[in-house]
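Everything below concerns the one structure shown next.
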Amino acid sequence: MRTVLGPEASVADGVALPGIAGRIHRERVLLAGWGRAILLQLAHPMVARGVAEHSGFATDRWGRVRRLHRTLHAMLALTFGPAEDAGAAAGRINAIHDRVHGGLDHAAGGEPAGAAYSAHDPALLAWVHATLLDSFLGAYRLFVGPLDTVAADRYCLESSGIEARLGIPVGRLPRTESALRAYLEAMLASGALEVTDTARALAREVLAPPAPRILRPALWLAALPAVGLLPPSIRAGYGLPWDARRARALALVALATRVSLPLLPPPLRYWAAARHAMRRARRG
């Protein structure tokens with residue numbers, strides 16, 4: 001474990017990084033949380049409809065990779081980049097969102113057929129944000145190591161700084177882990193989430209994309225955290241199997257990862273943007 005230096009910085013191999021977000025987002029293994037976050041996002045019918053109508057996620061051979069790259073690039077720029085890079089990343093997100101609007105093709109999640117959606121809707125932005133926060137916290141704790149409540153609260157607070165850049169009303173995003181949990185529980189109980197046929201079709205592209213047979217065992221392992229860490233009701237909505245054998249496999253993968261991570265050299269463990277930030281901190 002690294003030592004937390006309080007609200008303004010964390011330590012990575014003796015070098016200060018900007019906040020708890022730097023400590024968490026530097027880890028490549030955080031990708032293990034991406035699949036779960038996407039499946040949670042798609043459980044909102046309006047998000048699923050927007051992805052299906054306005055992205056090449058399922059139809060483009062490289063659609064999944066492009067979406068992951070955009071998400072990853074934005075996260076790293078907002079966390080480790082200078083102010084101009086962070087502003088440019090937010091601008092690209094907003095430009096993509098400008099094109100994403102439409103209506104539901106059928107009633108779902110308590111909304112009637114034709115109900116309008118927009119990627120600029122603060123409610124949808126808050127849902128996407130919360131799924132990423134919760135999934136990254138879970139992936140860090142499972143694959144990297146413990147993270148106490150103080151650090152998790154600071155992570156939520158730091159991450160809420162995206163509000164102004166994306167046009168989200170100030171105070172809409174959770175500032176503490178308990179507020180994040182309360183929001184997620186409220187959403188799960190609200191009826192606004194419903195795993196539609198559209199979501200299930202997109203989920204197949206996340207969990208079992210077309211790949212050579214030799215890669216299928218690796219895809220099965222990669223799907224374990226995406227499926228196993230879902231809320232049971234959402235997992236059931238997708239019709240995804242989960243049993244003791246899969247749970248044991250996930251536990252073993254997590255243990256092996258936690259043991260091996262400290263042995264990896266920085267270029268294999270940390271994203272390049274994080275390593276660049278560490279070098280800037282040394283020079284500073």
For the stretch 119-247, radius of gyration divided by Kirkwood radius, i.e. Rg to Rh on alpha-carbons: 0.99
The stretch 31-161 - charge dipole about Cα centre, Lys and Arg +1 at Cβ, Asp and Glu -1, debye rounded to 20: 440
Surface per residue (accessible, 1.4 Å probe) for the chain, Å²: 48
Cα gyration tensor shape of the stretch 230-278, rounded if a/c is under 1.5, else prolate or oblate by comparing a/b with b/c: oblate
Cα coordinate range in the chain, projected on the principal axes (Å, largest first): 56, 44, 36
Shape call, the stretch 72-152: gyration tensor on alpha carbons, a/c limit 1.5: oblate
FRET efficiency, 1/(1 + (r/R0)^6) with R0 51 Å, evaluated for residue 211 and residue 123 via beta carbons: 0.90
Test item: Cα-centred dipole of the chain, Lys/Arg +1 and Asp/Glu -1 on Cβ, debye: 1260
Phi-based couplings in Hz for the stretch 118-134 (Karplus 6.51, -1.76, 1.60; Gly and Pro marked x): 8, 5, 8, 4, x, 5, 6, 4, 5, 5, 4, 4, 5, 5, 5, 4, 5
Additional length obtainable on full extension of the chain from residue 66 to residue 268, 0.36 nm per residue less Cα span: 70.6 nm
Inter-probe distance in nm under a simple model that places probes 7 Å from Cα toward Cβ, at residue 186 and residue 99: 3.4
Gyration tensor (alpha-carbon) shape descriptor, the stretch 171-281, a/c threshold 1.5: oblate
The stretch 34-47 - phi-based ³J(HN,Hα) in whole Hz, Karplus 6.51/-1.76/1.60, Gly and Pro as x: 5, x, 4, 4, 5, 5, 5, 4, 5, 5, 8, x, 6, 5
Dipole-positive endmost among 157, 104, 126 within the stretch 100-164 (Cβ charges, Cα centre): 157
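The values are calculated or read from the model by the stated rules, or taken from the named source; none is laboratory data. None of these values were measured; they are calculated from a predicted model. All Cβ positions, glycine included, derive from the backbone under ideal geometry; neighbour counts span all protein chains shown. Just the protein is used for accessible areas: all its heavy atoms, side chains included, with ligands, DNA and RNA removed. Shrake-Rupley method; radii C 1.70, N 1.55, O 1.52, S 1.80 Å.
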